[in-house]
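Asks: Can you read through this structure? Questions will come right after.
Throughout, read-outs are computed from the coordinates displayed, never taken from laboratory work. Please read these numbers as outputs of a predicted model, since none were measured by experiment. Note that we place each Cβ from the backbone using ideal geometry, even for glycine, and neighbour counts take in every protein chain shown.
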Amino acid sequence: MTAAAAASGAALADLTLQIGETLTRLQAAREVSVGCSPKERVWSYGKTTLYRYLPLTVKRNSLPLLICFALVNRPYVLDLQPDRSLVRRLLEAGLDIYLIDWGDPEDADRHTDLEDYIEEHLGGSVRYVRTQCGGGPVNLLGVCQGGVLSLCYTALHQDAVANLVTLTTPVDFHTPENLLSKWVREMDTALIERCGNVPGELLNGLFLSLMPLRLAQQKYVRLLTSRPDRRAIEDFVRMEKWIFDSPPQNAAALAQFVRWFYQENRLVRDTLSIAGRRARLGEIRQPLLNLYALEDHIVPASASLALGEYIGSRDYTGCGIATGHIGMYVSRASGAQVPDRIASWLAERS
Amino acid sequence: MHTPGTGTSFKPEEAYAAAAERFFELMKTFGMTAGMTTDWKALAAPLAAQFERWLQMSQGAVPWSGAAAGGTPGSLFGLGMPGAAAFGPLPVGPAAVQGAEMPRTFELLGRLGQLQGELAKHWSEIAATAAQRFIAKLGTAPTAPASPQQALKLYELWVSCAEEAYAHTVHRQDFARLQAELANTWAALIAEQRQQAETLVRSFGLPTRTEVDALYTQLKELRRQLAELGREPPASQVSATDMGSRDAEQERQHAAGKRSAAGMRSAVKRGAAGKRSAAPKRSTAGKRSARTRAGRPRR
């Protein structure tokens, strides 16, 4: 045996030991908890629940902030753990925060469509918050697909929203970098709708297949060689838990979302109607802060950037953060910038 | 703190173990275990074969990809969704075998197999390109990695080359069309099988999916109406100021217009007939140029 072979053999043996240790830690961390800030359930409609986070400090913004997350993932990623929590940072900034959790659709919900989500679920949440806060408008924070719903709602209900913040929100679905859009462009949405609700795992599979080696392999291999301690493993498992914890999607709403936005690009083509009324970006006059991730593989920055071109507001601020789609919610880089930007931007407009 | 329910695919230790196994396999290919100078050019073929195999397996969560064809017939990866192998005549009942729909099912099955074959060609092309890129980027022949850090560096280069090759293919229009056609064919097969199930269920006098859907539609409309009635203030409380809200006014108009009993009846009828309305046609208004909005002053 050569000296090089002996060195390689020793290194591999060490690596094997390390893998064993990491596996044990991963198993131990499997039941790790997610979601860290106390909140109370204040309203519900169908499977949707509206939560209000308990304040952590004296209120410093007179308007409540309602967070509208995507339908395709769980909102607890915004409050994953104390040191990775957009919600907690905003609570510390003195904001009064409400969060919509869409829940788990069942087969009986397969006909729930986007109009229901926008007018009844999101609309009902807004109406509830308004009644609790003297009837005035609310600040709305839409995240990813929830940003699209928030834009639609704001376009339809001008006096219900004071300021709008969008985070990783697609607006122009036909930019060249948008791989998901290319893949679904010719899907028969009526046929897919007939097949019923879509399991969360299927969407996960689609998201992972956008960059399969990076998203389904590389992160584990990096863990192989990094000698992670218990805390690092728990952080890792929390993220994994969230990534794979996707709710099923209502057939009608998903089919509409694909058709209206991914296929027909109705927001930028100005052809969107909801509940019999035109929902036009040009009608949105509210101050708008648009935060997008520069390395986003699901919602390319170009898809979000377009909002600035179509929005009716004269008070528009666009801001790119050097991170990826999920990094926008949990990375240290975005944690250091995003909450402060949102809080200070809202404070200037209260 | 709470622990919400997790999806069925949340198995970090399994994913980690599988990744470790593949990493070792790759390192073996790179000659790490032998500690020898590797003939890197000769690596292209085994590297491509490994990657192609992995690409086929990794598409498992996308049911129309055909990843299950080799190993998991029937239910795909615990999704409770039928794989291509599961499509076929229903196993029981008078309409199971002789149904007039069967030729259509076989036609769709054939088409699905054909499309999955085309997809496999893409995986092969991606894998070969990835391996070639990797070998080219290695440049002068290095020695096999001697430490995990060196191995990881090599691995990162491999991932980068593989993702580049993958992106190059999957962004192409022909690949996108293939993905869509696979999904459509798969959905058509499910729809076909459900139609056969309905025939069977009807023959036993049981309620069908279509009938249940019609009831859901009716229930949904009633809930909507109820919610709107609940929001509407009593007539005596509606003052001119209250009515000044454009939002409330629009909601009332919408409620009055759209939620008519006639509309509801027709919705139920549509549901009972198992039909879906066609997607609305694109409006010519959609052609508005982005340039008309550009250059507007901003604060």
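Asks: Can you compute the equivalent ellipsoid semi-axes for the range A:211-320, i.e. the square root of 5 times each eigenvalue of the Cα gyration tensor, sorted largest first and rounded to whole Å?
Replies: Listed largest to smallest, the semi-axes of the range A:211-320 are 36, 19, 13 Å.
Asks: Another question, if that's okay. Based on DSSP, what percent of beta bridges with both residues in chain A are antiparallel, to the nearest 5?
Replies: Counting DSSP beta bridges with both partners in chain A, the antiparallel share is about 40 percent.
Asks: Any idea how far the Cα center of the range A:307-349 sits from the one of the range B:160-174, in Å?
Replies: Result: 30 Å between the Cα centres.
Asks: Still on this structure, I have one more. State the dimensionless ratio Rg/Rh of the range A:155-265 (Rg: radius of gyration of Cα atoms; Rh: Kirkwood radius).
Replies: 1.06
Asks: Which helices, counted as full DSSP H runs in chain A, have an axial Cα extent of no less than 30 Å and a Kyte-Doolittle average of -0.5 or above?
Replies: Correct list, ordered by number: A:3-28.
Asks: Only counting other Cβ atoms within 10 Å, I'd like B:Lys41, B:Lys28 sorted with the fewest neighbours first.
Replies: With the sparsest Cβ surroundings first, the list reads B:Lys41, B:Lys28.
Asks: While we're here: With a 10 Å cut-off between alpha carbons and a GNM built on chain A, which of A:Pro55, A:Pro228, A:Pro64 moves the most?
Replies: For chain A, modelled as a Gaussian network with Cα springs under 10 Å, the answer is A:Pro228.
Asks: Can you pull the percent of Cα pairs in chain A with separation above 29 Å?
Replies: Across chain A, Cα pairs with separations above 29 Å total 41 percent.
Asks: Apply the Karplus parameterisation 6.51 cos²θ - 1.76 cosθ + 1.60, with θ equal to phi minus 60°, to every residue of the range A:182-197 and state each ³J(HN,Hα) to the nearest whole Hz, in sequence, with x for glycine and proline.
Replies: Karplus-based 3J(HN,Hα) across the range A:182-197 equals 5, 5, 9, 4, 10, 6, 8, 5, 5, 5, 5, 4, 5, 6, x, 4 Hz.
Asks: In 5 Å bins starting at 0, how do the alpha-carbon pair distances of the range A:100-189 split up by percent?
Replies: With 5 Å bins starting at 0, P(r) equals 3, 12, 19, 21, 17, 15, 8, 3, 2, 0.
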